[in-house]
Amino acid sequence: MDASSLRISKFDVTNFHARKFKMQMVLEERDLWEVVSGEIKAEQCVTQLDQAAYKRKSRKVMAVICLAMEDSQLPFVRSASGACDA
């Protein structure tokens with residue numbers, strides 16, 4: 001299956017556990033889970049290249065999470081400072 005065609009049901013409060021697992025699988029498949037799990041932290045990135053890569057991955061995670069939410073749930077993550085807070 002092509003990664004770009006992955007689809008998960010949108011989060012609507014009633015499907016938290018299934019959605020959480022599916023979201024983890026999507027993020028792992030896209031090599032982004034390390035940002036959410038805390039395996040890689042911003043303060044560990046000492047070079048500018050590492051910092052830029054971390055920020056790029058964090059923005060991608062935030063986009064994946066937000067695009068998989070119902071509009072009614074977006075206010076809860078809109079003010080998150082990064083992917084780990086979402």
For this session: Can you give me the number of residues within the stretch 42-59 that are of a type in the set (A, V, I, L, M, F, W, C) and out of contact with any helix residue (DSSP H, G or I) (no Cβ under 9 Å at 6 or more places or on another chain)?
Result: 4
Exercise. Can you name every residue in the stretch 60-81 that is surrounded by 12 or more Cβ atoms within 10 Å (Cβ to Cβ), touching a residue at least 60 places away in the same chain (Cβ under 8 Å) and assigned to a helix (DSSP H, G or I)?
Worked result: GLN73
Problem set entry | Options PHE11, PHE76: the member that is at pLDDT below 90, of a type in the set (A, V, I, L, M, F, W, C) and touching an Asp or Glu at 6+ places or on another chain (Cβ under 7 Å) | PHE11
Exercise. So how many residues does the stretch 38-59 have that are within 15 Å of ASP85 (Cβ to Cβ) and either hydroxyl-bearing (Ser, Thr, Tyr) or touching a residue at least 60 places away in the same chain (Cβ under 8 Å) (or both)?
Worked result: 2
Exercise. Filter the stretch 4-59 for residues that are part of a loop (DSSP other than H, G, I, E, B) and among the aliphatic types (A, V, I, L, M); which is surrounded by the most Cβ atoms within 10 Å (Cβ to Cβ)?
Worked result: LEU32
For this session: May I ask you to list the residues in the stretch 57-86 that are basic (Lys, Arg) and under 12 Å from the mean Cα position of the chain (by Cα)?
Result: LYS57, ARG59, LYS60
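The values are calculated or read from the model by the stated rules, or taken from the named source; none is laboratory data. Computed from a prediction, not measured in an experiment: that's the story for all the values here. As a convention, Cβ positions derive from the backbone with ideal geometry for all residues, glycine included, and neighbour counts pool all protein chains shown.
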